[in-house]
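**Q** Structure in structure tokens, see below.
The values are calculated or read from the model by the stated rules, or taken from the named source; none is laboratory data. Model, not experiment: these values are computed from the prediction. Methodologically, a virtual Cβ is constructed for each residue, glycine included, from the backbone with ideal geometry; neighbour enumeration extends over all protein chains shown.
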Amino acid sequence: MRFVVDTHTHTIASGHAYSTVQEMAKEAAAKGIEMFAITDHGPAMKGAPYLYHFGNLRIIPDILFDVRIIKGVEANIIDYSGNIDMPEGYLKRLDFVIASFHDICIEPSSIEDNTQAMINVLKNPYVDAIGHPGNTMFQVDIERVVKAAYDNGKFIEINNSSFLVRAGCEENCRDFAIECKKQGVRIVCGSDAHISFDVGRFDRIYKLLDEVLMPEELIMNTSTDKFHEYFKQRRKRINTR
């Protein structure tokens, strides 16, 4: 099993990342990554770009160094009703939307509050995936969150950087993977690269998915065709609003 898509990366625009779009694309090409998503942080994150940044992503070529560029955002969950820091007018222009908890944007709360927020976020037609849900600062009812992903046709992310920067997340990530396997929910795998050298870095994810015997049909990152088909479904979902 080999991943050819990276669904979570950050460029210098995020404010605490260190590579340009071109540098990210060149490194992706060198590693055999065929598609990656630019998912810079939403504006509620300190140092993140203003909304105009996301409105102007269309000027980035769709292909750089023979790598397909997905234009997206890692939006911040900003309350326990499941609102995010990106208005609908900007979300409409993006290819891929991750929604995540960051303690700099929202204070961690109870398991019930955290769970309800994730469930509500997954109901947002523009949101495609929950980012790094294994974060121990925001404990959730994993079974209920995965069911919400299933009910809404959304993804759960397994995040490679979490194993390095979010202490104690291993058990939660494993439990999410197992529950996704049980409920038949598709996962996306992101490096969460904040510098070009980490694009396509999935070492911790490969190990986890091997351990839980995750079926390849539930892993989106093994084929660009899976994403092209999903984007067709996504456009249909949004256009029927």
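**Q** If P108 satisfies every condition in (1) farther than 24 Å from K154 by Cβ; (2) more than 18 Å from the chain's Cα centre (by Cα); (3) not β-branched (V, I, T) but one, which is the exception?
**A** Going through (1) farther than 24 Å from K154 by Cβ; (2) more than 18 Å from the chain's Cα centre (by Cα); (3) not β-branched (V, I, T) one by one, P108 breaks only (1).
**Q** Among the residues of the stretch 29-60, write down those that are more than 19 Å from L94 (Cβ to Cβ), within 18 Å of the chain's Cα centre (by Cα) and not acidic (D, E).
**A** Across the stretch 29-60, the qualifying residue is only I33.
**Q** For the stretch 49-73, which positions are farther than 20 Å from Q22 by Cβ and either in contact with a Ser or Thr (Cβ under 6 Å, 6 or more places away or on another chain) or among the hydrophobic types (A, V, I, L, M, F, W, C) (or both)?
**A** Correct list: L51 only.
**Q** Quick one: in the stretch 195-210, of everything that is in contact with a helix residue (DSSP H, G or I) (Cβ under 7 Å, 6 or more places away or on another chain) and of a type outside the set (S, T, N, Q), which residue is surrounded by the fewest Cβ atoms within 10 Å (Cβ to Cβ)?
**A** F197
**Q** Also: Looking at (1) outside any loop (DSSP other than H, G, I, E, B); (2) of a type in the set (A, V, I, L, M); (3) touching a strand residue (DSSP E or B) at 6+ places or on another chain (Cβ under 7 Å), which is the one condition that is false for V185?
**A** Failed condition: (1).
**Q** Which condition breaks for L164 when tested against (1) within 18 Å of D192 (Cβ to Cβ); (2) modelled with pLDDT of 95 or more?
**A** Among (1) within 18 Å of D192 (Cβ to Cβ); (2) modelled with pLDDT of 95 or more, L164 violates only (2).
**Q** Mind listing whichever residues of the stretch 141-179 are farther than 25 Å from G200 by Cβ, assigned to a helix (DSSP H, G or I) and not β-branched (V, I, T)?
**A** E143, R144, K147, A148, Y150, D151, N152, E171, D175, E179
**Q** Let me ask you something else. Filter the stretch 107-130 down to the residues that are under 17 Å from D141 (Cα atoms) and surrounded by fewer than 20 Cβ atoms within 10 Å (Cβ to Cβ) and list them by number.
**A** Within the stretch 107-130, P108, S109, S110, I111, E112, D113, N120, K123 qualify.
**Q** Is it the case, given these coordinates, that V21 is crowded, with 17+ Cβ neighbours inside 10 Å and over 14 Å from the mean Cα position of the chain (by Cα)? If you could, list the steps in order and put the result at the bottom.
**A** On the way: crowded, with 17+ Cβ neighbours inside 10 Å: yes; over 14 Å from the mean Cα position of the chain (by Cα): yes.
Yes; evaluated as a whole, the condition is true for this residue.
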